1. Sort out which residues of region 3-34 are in a helix (DSSP H, G or I), without any contact (Cβ under 8 Å) to a residue 40 or more places away in the chain, within 30 Å of residue 62 (Cα to Cα) and not aliphatic (A, V, I, L, M), and write them in order of number.
2. How about region 104-128: which of its residues are exposed (fewer than 14 other Cβ atoms within 10 Å of the Cβ) and touching a helix residue (DSSP H, G or I) at 6+ places or on another chain (Cβ under 6 Å)?
3. Restricting the search to region 83-95, which residues are farther than 11 Å from residue 147 by Cβ and of a type in the set (A, V, I, L, M, F, W, C)?
4. Could you tell me which of the residues 47, 30 is within 26 Å of residue 160 (Cα to Cα), in the same structural domain as residue 117 (by TED's automatic domain parsing) and surrounded by fewer than 15 Cβ atoms within 10 Å (Cβ to Cβ)?
5. Kindly indicate which of 90, 58 is of a type in the set (A, V, I, L, M), surrounded by 15 or more Cβ atoms within 10 Å (Cβ to Cβ) and in a loop (DSSP other than H, G, I, E, B).
6. Going by the structure shown, is residue 38 in the same structural domain as residue 146 (by TED's automatic domain parsing), in contact with a Cys (Cβ under 8 Å, 6 or more places away or on another chain) and surrounded by 15 or more Cβ atoms within 10 Å (Cβ to Cβ)?
7. Kindly indicate the residue of region 93-145 that is aliphatic (A, V, I, L, M) and assigned to a loop (DSSP other than H, G, I, E, B) and also farthest from the chain's Cα centre (by Cα) among those meeting that condition.
Amino acid sequence: MRIDVISVIPGFFDSALETGLLAIARKKGHLEVHVHNLHDDGLGSYHAVDDAPFGGGAGMVLRPEPVFACIERLQAEREYDAVIFPTPDAVRFDQKAANRLSRMKNLIILCGHYKALDERVRRTLVSMEFSVGDVVVSGGEIPALFLMDAVVRLIPGVLGDGESALTDSFQGGMLDCAWYTRPPEFRGMKVPDVLLSGHHAKIEQWREQSASQRTREKRPDLSGEEVSEDFE
């Protein structure tokens, strides 16, 4: 997968691309990331990319000219599956969206900044918009990293245990179950006996019940079957 990121602060991504999951994916050859400085297409001697909003109001708005220049130059070089704009006034990014994007080959992520992005960019160039939550952050860089991590970990071969990603929360419409590791007892708290039994069918049943109850308690808006509470 190739991801082109457009940002007014491209250095923001340096650490994330050199460590952790994204670095592993790049080293394995599953991911190629190119970060573009929007100021390179800025206007005038100061390479300006923003201006005051028409009609007045606080804050600045990203101008259309630099964004059009950058994206159209990239699109002239290769075909992109999507131009993504993370923004709070959009549908919520979820696991289904991450699964869908993980099957794509070339993506552009446009990071907003300042007050807003000129609406003509959104109407003409952007093909997907996502919100990562009902909250506003200082720019699109943090949501862009959030999106990249969620998508790239689903690419076959990136994770050491590919099955792990397929059993995460939301993959089956529910939250993940409770998990335990050694020691079997810690400060009086015991691991459920069924997990120590070696009976795989009963363990799987317990995990399904655990996931269902956790979903019902923490995220009732998600689907989940009603189950008894005797699995703890």
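The values are calculated or read from the model by the stated rules, or taken from the named source; none is laboratory data. Here the structure is a predicted model, which is why all the values come from computation and not from measurement. Here Cβ is always computed from backbone atoms with ideal geometry, including for glycine, and neighbour counts include all displayed protein chains.
1. 10, 11, 14, 15, 18
2. 120 - this is the single residue of region 104-128 that is exposed (fewer than 14 other Cβ atoms within 10 Å of the Cβ) and touching a helix residue (DSSP H, G or I) at 6+ places or on another chain (Cβ under 6 Å).
3. Passing the criteria: 83, 90, 91.
4. 30 is the lone residue from the list that is within 26 Å of residue 160 (Cα to Cα), in the same structural domain as residue 117 (by TED's automatic domain parsing) and surrounded by fewer than 15 Cβ atoms within 10 Å (Cβ to Cβ).
5. Numbers: 58 fails: surrounded by 15 or more Cβ atoms within 10 Å (Cβ to Cβ).
It is 90.
6. yes
7. Let us first name the residues in region 93-145 that are aliphatic (A, V, I, L, M), namely 97-98, 101, 104, 107-110, 116-117, 121, 125-126, 128, 132, 135-137, 142, 144-145.
When the remaining residues are screened for being assigned to a loop (DSSP other than H, G, I, E, B), the result is 104, 125-126, 132, 135-137.
On the way: 104: 14, 125: 20, 126: 17, 132: 8, 135: 15, 136: 16, 137: 15 Å.
Ranking the qualifying residues of region 93-145, first place goes to 125.
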